[in-house]
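Notes follow once the structure below has been shown.
The values are calculated or read from the model by the stated rules, or taken from the named source; none is laboratory data. The model shown is predicted, which means the values in this text are computed figures rather than measured ones. Here the Cβ positions follow ideal geometry from the backbone for every residue, glycine too, while neighbour counts run over all protein chains shown. Accessible surface areas use protein heavy atoms only, side chains included; no ligands, DNA or RNA. Shrake-Rupley method; radii C 1.70, N 1.55, O 1.52, S 1.80 Å.
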Amino acid sequence: MRRLIENMKLYTQKLILMLLCLLGFFLLGVLMVCAILGLEDTAVSWVSLGTLMGMIGVVTFSAICILSFCQDFMLALSMGMTRREFMITYALEQLVLILLAYIGLLLGALLESAIYPVMFPKAFEKFSILSYLTDWKIVVPSVLAFVLLPMFFGTLYSRFGKKFGVILYIIWMVLCLLGARVGDLASAAGVPSQVGNMPGWLTTIPIIGWVIAGAIAAIAMIFTIIHLGMKQMVK
């Protein structure tokens with residue numbers, strides 16, 4: 001806990017960066033909704049696009065964390081931290097930041113649900129994001145994923161360098177292409193069928209199947225982080 005407090009003081013810029021990413025994307029989404037409902041006479045429904053865009057901001061922040069993981073690791077080791085201390089502290093730090101981001105998204109969704117009916121009384125909410133933000137079956141795995149994935153990819157990037165950087169770039173481009181569906185959501189004023197369409201066979205997998213798959217993936221990532229992290233060379 002002492003190391004965590006020290007690190008949070010040192011890396012307050014990371015907290016500021018996360019808040020800027022979240023707030024910037026959120027405001028962009030709100031402006032898009034206002035523009036659609038204000039300029040399009042045919043638009044009669046809305047979606048909490050600011051919150052959805054805020055999620056993209058959190059993903060962007062996580063991508064930055066991946067790229068800065070190696071630098072943070074080297075800085076920590078140069079300041080006398082052990083590899084074990086760094087990995088535990090970094091995980092706790094990411095958990096704090098992601099929980100703050102989740103609270104921000106939750107507040108953003110509540111704010112949008114309050115202001116749009118007042119600003120556009122003739123429009124109705126087509127798709128509620130709050131039902132997902134308050135579903136523990138979605139929230140808990142998402143929080144854990146946003147803690148583990150930056151460490152997992154950051155560890156691999158630290159180990160394999162630019163070769164793995166190419167893979168990261170491909171993954172990022174795929175996420176950007178998938179994120180473009182948010183734009184489709186906006187143009188359709190929040191048609192829910194455009195959110196999260198899944199192949200039919202995925203919907204047949206029971207919840208226990210997802211739990212087992214997620215647990216196996218988490219264990220594999222934790223093992224990789226610890227195994228490669230304990231061998232991380234000082235550069």
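Observations
- Protein-only accessible surface order, largest first, of 169, 90 at 1.4 Å: 169, 90
- Residues 75, 15, 39 ordered from highest to lowest accessible area at a 1.4 Å probe: 39, 75, 15.
- Simple label model, 7 Å out from Cα along Cβ direction - residue 84 to residue 224, nm: 2.4 nm
- Checking the cross-link pairs 14/122; 137/162; 163/231; 137/231; 14/231 against a 29 Å limit on the alpha carbon distance flags 14/122; 137/162; 137/231 as lying beyond it.
- FRET efficiency, residue 144 to residue 114 (Cβ-Cβ, R0 25 Å, nearest 0.05): 0.25
- Heavy-atom SASA rank of 16, 98 (probe 1.4 Å, accessible area, largest first): 16, 98
- Exposure of residue 34 as accessible area (Å², to 10), given a probe of 1.4 Å and all protein chains: 30 Å²
- HN-Hα J in Hz across segment 149-158 - Karplus 6.51, -1.76, 1.60, θ = phi - 60°, x for Gly and Pro: 4, x, 5, 5, 5, x, 5, 5, 5, 5
- Accessible area per residue was computed with a 1.4 Å probe on protein heavy atoms; residue 60 scores about 30 Å².
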